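This report refers to the structure that appears directly beneath it.
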């Protein structure tokens, strides 16, 4: 038996032993077989036959070059399979050749490499091109053939590039497979791995010890600094959360260092052994790629961040200009016709908020990661939350605008909202705060303020004056002029009432059994309303008792035998105070 050769090297075996006559005059069949033998080897490699041909080609007629080239055409497969040898991916097979799926081709190539490793054959590894693809060889043996259908042309991959990468990876995989079968090498690498493990454990111990020392030192430094500056006592510092925050930050740094040490140690251990070396290389590649991506991402984000900073600084400058202008309006230094001092502050807040929203919208595209799907998903989620939860919020905000720009209330006004009396302390976007006469702060939603009747006692209290009524009912037998004079005299004796406009009395109604008289007075301070009315009612009772005029409230059926009045000698019956001013003030 002899081996047929071509100009490119040995391809396949032949079992035909030619005679001397054939050697002198080759017949037509022999010439055809010699011409077609390289293509037969290619067909066998494409089909995944990777062992040395031990049998001669059949005696049947061999197809010609054109028909053979047509016979080895590959077609894409829907089951791509990676060709992996000794835990290292060589190439991804995507074509079905001569009816054999990529998985069968990969299995045949693995068997071929196992056979080569068993015979300690690791090279040379090369690739040869033929019509329709390339052939990967180790030494003189064909291992695998790649066709154009095996490469991913959409990603820019070519047959030659894929073959070159496969040759490099196959060479490394063969060397590692032989190395794994060498006990001396494994023992040496195991010793180095144990040393690396020891160094990693020592580094972890060093980080833990440094963490303890630095934590104690930082606590001492913080206590000494606070005590020296006189900001607080050591006990107050220890009771606060400042030291806990420092310890948490230090623990986070120590944990990060521990992770770096463990990651480096695991990577070094995996790189020492042939079978796990691809994992170590992938870990190292992942770390390097991550660092590279972070650095490149930070560098590429610098122009966008500068743009965002410029936009925010511009918005901040405009917000300060708006604030200064509206502050001047609030203080009365500017008096534009289209805005009032009491609406200057909410208008400033509204314009400032709109300005910042506009600035954020303009700066959004320049934020790092704003174009990523995660960023877009978070934006959509926030939008949905605002959409579903803003119905009541928008109602309160619009009600706040109604209160503000209708000038219904002002901070400091004494008002009545529904049945609640008090002084307005805050006009917010969502609610209004009122301090009652009992020093209670009541928060009223703006929508509720708009829906109820609101009375402002302070709006004209400093100019025209706001009249406060109080009524009494007197029988028809009392002269109405006397009653009016008594009520006006009670107003004169009461402190806290304004002399201008003057108090006056009106006969509000002529009831069945009495006349209803109403006294209208103006208070100097609406906040003292209950105390002033208390004093006024006391003087009314005293004067009516003094002049013998009976107050007819509550209702009565028959006239009493004697007037229902209090004699002057009984005005200060115990435990009443003897000082009349102290009883009515």
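Data table
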quantity: Selected residue (only one of 533, 543, 448, 489 is part of a helix (DSSP H, G or I), farther than 30 Å from residue 404 by Cβ and within 58 Å of the chain's Cα centre (by Cα)); calculated: 533
quantity: Residue match in the stretch 364-378 (condition: assigned to a helix (DSSP H, G or I) and within 27 Å of residue 445 (Cβ to Cβ)); calculated: no
quantity: Selection from the stretch 138-157 of residues that are surrounded by fewer than 19 Cβ atoms within 10 Å (Cβ to Cβ) and either out of contact with any helix residue (DSSP H, G or I) (no Cβ under 8 Å at 6 or more places or on another chain) or part of a loop (DSSP other than H, G, I, E, B) (or both); calculated: 139, 140, 152, 153, 154, 155, 156, 157
quantity: Tally of residues being out of contact with any helix residue (DSSP H, G or I) (no Cβ under 6 Å at 6 or more places or on another chain) and part of a strand (DSSP E or B) across the stretch 382-416; calculated: 2
quantity: Flag for residue 354 being surrounded by 10 or more Cβ atoms within 10 Å (Cβ to Cβ) and modelled with pLDDT under 85; calculated: no
quantity: Residue count, the stretch 490-501 (criterion: surrounded by 14 or more Cβ atoms within 10 Å (Cβ to Cβ) and closer than 14 Å to residue 543 by Cα); calculated: 4
quantity: Where a residue in the stretch 102-119 is on the phi < 0 side of the Ramachandran plot and its partner, wherever it lies, is in a helix (DSSP H, G or I) and surrounded by fewer than 21 Cβ atoms within 10 Å (Cβ to Cβ), with Cβ under 7 Å and at least six apart; calculated: 117/178
quantity: Residue in the stretch 548-558 that is touching a strand residue (DSSP E or B) at 6+ places or on another chain (Cβ under 9 Å), within 22 Å of residue 457 (Cα to Cα) and not assigned by TED's automatic domain parsing to the domain that holds residue 437 present; calculated: no
quantity: Hits in the stretch 263-281 - residues which are at pLDDT 80 or above, more than 20 Å from residue 194 (Cβ to Cβ) and surrounded by fewer than 17 Cβ atoms within 10 Å (Cβ to Cβ); calculated: none
quantity: Residue 135 vs. criteria in contact (Cβ under 8 Å) with a residue 24 or more places away in the chain, part of a helix (DSSP H, G or I) and not assigned by TED's automatic domain parsing to the domain that holds residue 271; calculated: no
quantity: Some residue of the stretch 456-464 being buried (at least 18 other Cβ atoms within 10 Å of the Cβ), part of a strand (DSSP E or B), under 60 Å from the mean Cα position of the chain (by Cα) and modelled with pLDDT under 90; calculated: yes
quantity: Tally of residues being in a loop (DSSP other than H, G, I, E, B) and loosely packed, with under 13 Cβ neighbours inside 10 Å across the stretch 502-512; calculated: 2
quantity: Residue 322 being surrounded by 12 or more Cβ atoms within 10 Å (Cβ to Cβ), in the same structural domain as residue 356 (by TED's automatic domain parsing) and at pLDDT 80 or above; calculated: yes
quantity: All positions within the stretch 414-443 that are under 16 Å from residue 527 (Cα atoms) and in contact (Cβ under 8 Å) with a residue 60 or more places away in the chain; calculated: 414, 421, 423, 437
quantity: Test: residue in the stretch 418-429 that is within 15 Å of residue 342 (Cα to Cα), loosely packed, with under 12 Cβ neighbours inside 10 Å and not assigned by TED's automatic domain parsing to the domain that holds residue 346; calculated: no
quantity: Hits in the stretch 77-132 - residues which are assigned to a helix (DSSP H, G or I) and surrounded by fewer than 18 Cβ atoms within 10 Å (Cβ to Cβ); calculated: 103, 104, 107, 111, 114, 115, 118
quantity: Residue 231 under 47 Å from the mean Cα position of the chain (by Cα), at pLDDT below 80, not assigned by TED's automatic domain parsing to the domain that holds residue 92 and not in a helix (DSSP H, G or I); calculated: yes
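The values are calculated or read from the model by the stated rules, or taken from the named source; none is laboratory data. Please read all numbers here as calculations on a predicted model, not as lab measurements. In this analysis, Cβ positions are derived from the backbone assuming ideal geometry, glycine residues included, and neighbour counts consider all displayed protein chains.
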